[in-house]
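The values are calculated or read from the model by the stated rules, or taken from the named source; none is laboratory data. Treat the numbers as computed from the prediction; the structure is a model and nothing was measured. Here Cβ is always computed from backbone atoms with ideal geometry, including for glycine, and neighbour counts include all displayed protein chains.
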Amino acid sequence: MASAIVAIGDELLSGFTLDTNSHWLAERLRILGHPLLRVAQVRDREPDIADEIRRNLADPDVDTVFSMGGLGPTPDDRTFGAMALALGRELVVWEEVRARIERRLERMLEAGLVDSADLNEGHLRMASIPADPTEVLRNRVGTAPGVLYEVDGTRLFVLPGIPQEMKAIFSEEIEPKYLVGGSASTVLELRLTFAVEGRFYQVMRELQGSHPDVAVGSYPNWDTKELVIRVTGQDASRVEDALKIVRRQAEALGYKV
C-alpha cells in the first residue's frame, strides 16, 4: 500500500511557487516507511480538485491521501468545497474551529495586528468543513484546521498549504498517531567522479531482472561532476548485494570507488 499527495494551487502550476511541501512530505514518508506512489498538482478549481481526490480514493494501491493547500479565508481557497463535492457531504461550520479562529483574532487584536476580532465571511469559510470528519487536527501555528476523513478504508488528510502549518500538523498530529510502525526502505549510494552514466546501462538493465525488488537509479550532478548511483529496497541484504554488483562494474571500468 502507498500514499498519494495532491498539491493544490494555481501558484504551483503557474511557476510562481515551488512545491516544497511535496518534497518535504515525500522525504518524511520514505523515512517513516510509507512509500509514495504519486504526486499531483491541481488548480484552485473545485471540479479539478474533486476529480483528483476521487481518483486517489478509488485506487486500490493507495491507502493514504494527503491534500495540501487552499484552506485560507479568500475566495480562491476552494479545497473544503471541493472535498465536500468529492465526498458527497455538506459543508458545516465546525464549532471548535470557529472558536479557535475567534480566540486567535482576539489575540491579534490585543497585539494591534487587526482592527477587529469579529468573524467575517472569510473566517467562516475556514471553519466550514465537510460533515462527519474522522478527526479535526490541531493547528498550533496557524488558523486553518487539518482534517482527517476515512473513506472505505482509505485515509484522507486535508492540510493547509502554508509550510509551517502543514509541517506542524503532520509532525505533531499525524505522524505519532497514524504513521508509526512503518518499515523504512534501505538506501545505499555509490558516488563516482567524472563517470559516464551510459557505461552503467548494461549492469542496471541486468539488475532489473536479477533484483526486481530493488530500485536502481543513476543521477548525474553536473555541479559536482559526480555520478550518483542509488539503490533502494525494503530488504537490506538485497540492496547491499545489488550495490556490490554495481561497484564491481565501476571497478572493472577503472573508476575509483
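Results, tabulated for the structure shown:
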| read-out | value |
| --- | --- |
| Hits in segment 84-97 - residues which are at pLDDT below 90 and not acidic (Asp, Glu) | Val97 |
| Residue match in segment 203-223 (condition: assigned by TED's automatic domain parsing to the domain that holds Val97 and aromatic (Phe, Trp, Tyr)) | no |
| Pairs, first at positive phi in segment 106-125, second surrounded by 10 or more Cβ atoms within 10 Å (Cβ to Cβ) and of a type outside the set (Phe, Trp, Tyr), C-beta under 7 Å, six or more apart | none |
| Condition met for Leu113 (surrounded by 18 or more Cβ atoms within 10 Å (Cβ to Cβ) and within 21 Å of Glu165 (Cβ to Cβ)) | no |
| Selection from segment 1-18 of residues that are over 10 Å from the mean Cα position of the chain (by Cα) and either of a type in the set (Ser, Thr, Tyr) or at pLDDT 95 or above (or both) | Ile8, Gly9, Asp10, Glu11, Leu12, Leu13, Ser14, Gly15, Phe16, Thr17, Leu18 |
| Matching residues in segment 116-140 - criterion: being of a type in the set (A, V, I, L, M, F, W, C) and either exposed (fewer than 12 other Cβ atoms within 10 Å of the Cβ) or assigned to a loop (DSSP other than H, G, I, E, B) (or both) | Ala117, Leu119, Ala131 |
